[in-house]
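Any read-out appearing in this document is the output of simple, stated calculations on the displayed coordinates, not a laboratory observation. Treat the numbers as computed from the prediction; the structure is a model and nothing was measured. In this analysis, Cβ positions are derived from the backbone assuming ideal geometry, glycine residues included, and neighbour counts consider all displayed protein chains.
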């Protein structure tokens, strides 16, 4: 069985999106600066390695409905996921199949059911919990994340969607790796299951 | 002229103290976990180097009144600063002289006056802006910090005193160094003066 990964980019003041997220500004005000590290400034070696880390062994993803509603347009007809995406939602919807192996499968039975289906689809590969912040928090609090890859962008957003608000304070993070790029610090933690699954 | 440094330890969710700071719990609820990296778990080499970084070339410090009111007891008769500490306050008070070179000098004319006096006292050495969060924010927003050493403890506090709330979002942080310890990641940034002093 693979691992359950969470990967997200956060500002120094703890936000994963700027203020006023909406269809016209899917990352919120100023929030597109969070992801600049993905596209520029980092050494290609590092980027290559991270891209491999990120998508290389991921066999299924989990996302929140709001994120998919906002992202499905920009992600286009051949989305970057190349794997089934299980969408946690209260509103049932038909599966949407895109090119390149990506499909959006809507799960209305809660986070545990979405995880069970993602694990089954992933088989020996990893499951990636891919946001938004609310879904990430729910999985963190349920003790279902094995490893978190936190990209800490060197910016201050001043407001927006906080990642860790409402996350249980007894969360135990064991550092595995830190690398420093010109636009972000890349931190990998293992979640200590003894703290969160008890 | 030396540099103006800021050094502070923050939780992953952005807090520099836990909830309910008071005389009986000077770091707030759970907040003492922030500073565990200073006392345990880090390799002695790293600790030595950081201690040297921290106090080696500091000729004067700046602190907020509340921090001094809470800290002056615990810091004792020979405080760890070994330099004059300029305390930004609205309430005038007599200078307090301790052993080992530490004195607490109360400045009522605002942050610029405190900086001028600290720079004068430090001469060629560095000035350290030493907290609390409110004083740190004021100096960050005034563009008076050259370098920030941010120790990111691998913990979630769930509430408390946020470091970056109210800091100007156009703050430009240029990474200099990142090291990873078992209890904290140590991040050093240069503040890009072109962004904050304009």
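Please give the FRET efficiency for residue B:57 paired with residue A:1, using the beta carbon to beta carbon distance and R0 = 56 Å, rounded to the nearest 0.05. Mind showing how you got there, number by number?
Details: r = 52 Å, r/R0 = 0.93.
The formula returns an efficiency of 0.60 here.
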Please give the per residue volume of the convex hull enclosing the alpha carbon atoms of chain B, rounded to a whole number of Å³.
-> 122
Closest-to-axis residue of chain A (Cβ criterion, axis taking A to B), whole Å | A:14, 2
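Calculated FRET efficiency, residue A:82 and residue B:124, Cβ-Cβ r, R0 56 Å, to nearest 0.05? It would help to have the intermediate numbers written out before the result.
Details: r = 58 Å, r/R0 = 1.03.
Here the calculated transfer efficiency is 0.45.
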Average partner coverage of A:145-155, which counts Cβ from other chains inside 10 Å | 2
Take the Cα atoms of the stretch B:87-198, find their three principal axes, and give me the spread along each one in whole Å, biggest first.
-> 40, 35, 31
Could you pull the copy-to-copy label distances for residue A:103, with points set 7 Å along Cα to Cβ, in nm to one decimal and sorted shortest first?
-> 7.7
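Let me have the relative contact order for the stretch A:50-198, percent, based on Cα pairs under 8 Å that are six or more residues apart.
On the way: 251 pairs, mean separation 31.1, N = 149.
Value for the stretch A:50-198: 21 percent.
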Principal axis dimensions, largest first and in whole angstrom, of the protein assembly as shown by Cα = 73, 46, 37
Using label points projected 7 Å from each Cα along Cα→Cβ, tell me how many nm separate residue A:147 and residue B:116, to one decimal.
-> 5.6
Fewest to most neighbouring Cβ within 10 Å: what's the order for B:95, B:9, A:185?
-> B:95, A:185, B:9
To the nearest 500 deg cm²/dmol, what mean residue ellipticity at 222 nm is calculated for the protein assembly as shown from DSSP H runs of n ≥ 4 alone, each contributing -39,500 (n - 2.57), summed and divided by the residues?
-> -7500 deg cm²/dmol
